[in-house]
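J.: Right, I'll just put the structure down here and ask away after.
Readers should treat all values here as calculations from the given coordinates under stated rules, not as data from a laboratory. A quick note: this is a predicted structure, and the numbers were derived from the prediction, not measured. Every residue, glycine among them, receives a Cβ derived from its backbone with ideal geometry; neighbour counts consider all protein chains shown.
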Amino acid sequence: MKPISTRRFLQIAGLAVAGILLAACGKKETPPPLAPAPVASAPAPAKVYVVGTDAAYAPFESQNEKGEIVGFDIEVVQAVAAKAGIQVKFVNTPWEGIFNALGQGDRDMVVSAVTITDERKQTMDFSAPYFDAQQLIAVAEKSKVAKFADLKKLKVGVQTGTTGDEAVTKLLGKASTNIKRFESTPLALKELESGGVDAVVADNGVVIHYVANNPGGKFRTVADKDFVPEQYGIALKKGNTELLEKINKGLADIKADGSYDKIFAKYFGAAPAAAAPATAASK
Ligand code: ARG
């Protein structure tokens with residue numbers, strides 16, 4: 001075995017020391033291992049606005065056989081959302097509590113054939129009006145009722161907390177036990193069919209739709225020009241101006257480009273101007 005020379009030993013030792021130093025230096029410059037790479041390029045998931053609707057109010061909002069929420073209001077909001085470049089999803093929400101859900105932020109909007117009233121304006125914001133409406137009376141075919149005032153001594157069904165409820169409460173008096181309040185308008189109309197109430201007061205569009213689709217119910221409608229004209233708006237949480245502006249812009253866009261008229265014609269069979277509430281409601 002050949003002994004290594006002192007020179008060779010120093011060479012090897014030197015290389016070894018240099019190697020250690022290099023390794024040490026190298027370590028210092030290594031970035032912290034496996035720091036997660038920043039994902040700057042992935043877009044934040046788009047916000048989906050939650051729209052509350054009491055889907056027992058055909059033809060404005062109802063559930064089809066598949067459980068999907070459909071109707072005039074739904075198509076209007078979908079068209080508005082498309083113009084505004086926002087995403088929406090509809091959540092069936094009972095009428096009682098629908099405005100609380102809005103106030104608490106559980107819903108971003110409410111579209112539910114909501115009449116714009118001064119009282120509601122104090123606790124929520126409304127879009128520009130998108131539909132004209134009026135109260136309409138439903139009675140049995142053989143009923144003698146000819147005008148709203150004729151309901152004064154009768155049992156009247158309404159949906160709790162609606163403008164129909166308000167009108168009837170005003171006529172019959174706050175303390176009247178003749179006002180029968182229901183959680184939905186269809187329930188009130190069922191009660192009319194079974195004779196539990198003598199009349200129902202509700203939005204014209206819904207009453208007309210119900211009477212037309214339930215010929216077996218033997219109903220008749222009674223219009224009264226004393227009912228104040230109403231307008232539907234999309235309700236938003238008070239102060240949500242950014243969303244409100246988008247909605248109003250979208251509404252203006254769908255009115256300008258004819259898509260609103262198309263949706264209107266699909267549900268009400270004529271252009272809005274030709275189907276003023278008074279005309280639609282008479283008989
Ligand atoms: N327009 C009436 C109101 O604002 C009734 C609306 C009820 N809407 C509904 N989807 N149930 O009081």
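J.: Quickly run through segment 157-179 and pick out the residues that are away from the ligand (no atom under 16 Å from the Cβ) and without any contact (Cβ under 8 Å) to a residue 12 or more places away in the chain.
T.: Gly173, Lys174, Ala175, Ser176, Thr177, listed by residue number.
J.: Among the listed residues Asp106, Asp150, identify the single one that is in a loop (DSSP other than H, G, I, E, B), away from the ligand (no atom under 16 Å from the Cβ) and either acidic (Asp, Glu) or under 26 Å from Lys255 (Cβ atoms) (or both).
T.: Asp106
J.: Could you check Leu192 against (1) in contact with a strand residue (DSSP E or B) (Cβ under 7 Å, 6 or more places away or on another chain); (2) without any contact (Cβ under 8 Å) to a residue 40 or more places away in the chain and say which number it fails?
T.: (2) is the only condition that Leu192 fails.
J.: May I pose another question? Does Lys237 fit the bill of being under 30 Å from Gln87 (Cβ atoms), away from the ligand (no atom under 16 Å from the Cβ) and crowded, with 19+ Cβ neighbours inside 10 Å?
T.: Yes, satisfied.
J.: Could you check, for segment 72-79, whether at least one of its residues is away from the ligand (no atom under 15 Å from the Cβ), β-branched (Val, Ile, Thr) and touching a residue at least 24 places away in the same chain (Cβ under 8 Å)?
T.: No; the residues of segment 72-79 include none that is away from the ligand (no atom under 15 Å from the Cβ), β-branched (Val, Ile, Thr) and touching a residue at least 24 places away in the same chain (Cβ under 8 Å).
Quick grid of which residues meet (1) aliphatic (A, V, I, L, M); (2) crowded, with 18+ Cβ neighbours inside 10 Å:
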site	(1), (2)
Gln87	no, no
Pro94	no, no
Leu102	yes, yes
Arg107	no, yes
Glu141	no, no
Lys155	no, yes
Gly164	no, yes
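J.: Would a scan of segment 126-138 turn up a residue that is more than 30 Å from Gly217 (Cα to Cα), free of Cβ contacts under 8 Å to residues at least 40 places away in the same chain and within 12 Å of the ligand (Cβ to nearest atom)?
T.: No: segment 126-138 contains no residue that is more than 30 Å from Gly217 (Cα to Cα), free of Cβ contacts under 8 Å to residues at least 40 places away in the same chain and within 12 Å of the ligand (Cβ to nearest atom).
J.: Then there's this: Kindly indicate the residue of segment 181-218 that is buried (at least 16 other Cβ atoms within 10 Å of the Cβ) and among the basic types (Lys, Arg) and also farthest from Asp165 (Cα to Cα) among those meeting that condition.
T.: This residue is Lys190.
J.: Note down all Cβ pairs under 9 Å where the first residue falls in segment 50-62 and is within 11 Å of Val88 (Cβ to Cβ) and assigned to a strand (DSSP E or B), the second is near the ligand (Cβ under 7 Å from one of its atoms) and of a type in the set (Phe, Trp, Tyr), and they're at least six residues apart or on different chains.
T.: Thr53/Phe60
J.: Across segment 180-210, which residue is nearest to the ligand (Cβ to nearest atom) among those that are closer than 15 Å to Phe148 by Cβ and within 28 Å of the chain's Cα centre (by Cα)?
T.: Applying the filter and picking the extreme gives Asp203.
J.: Give the residues of segment 48-68 that are more than 10 Å from the chain's Cα centre (by Cα), within 21 Å of Ile254 (Cα to Cα) and aliphatic (A, V, I, L, M), sorted by residue number.
T.: Val48, the sole residue that qualifies.
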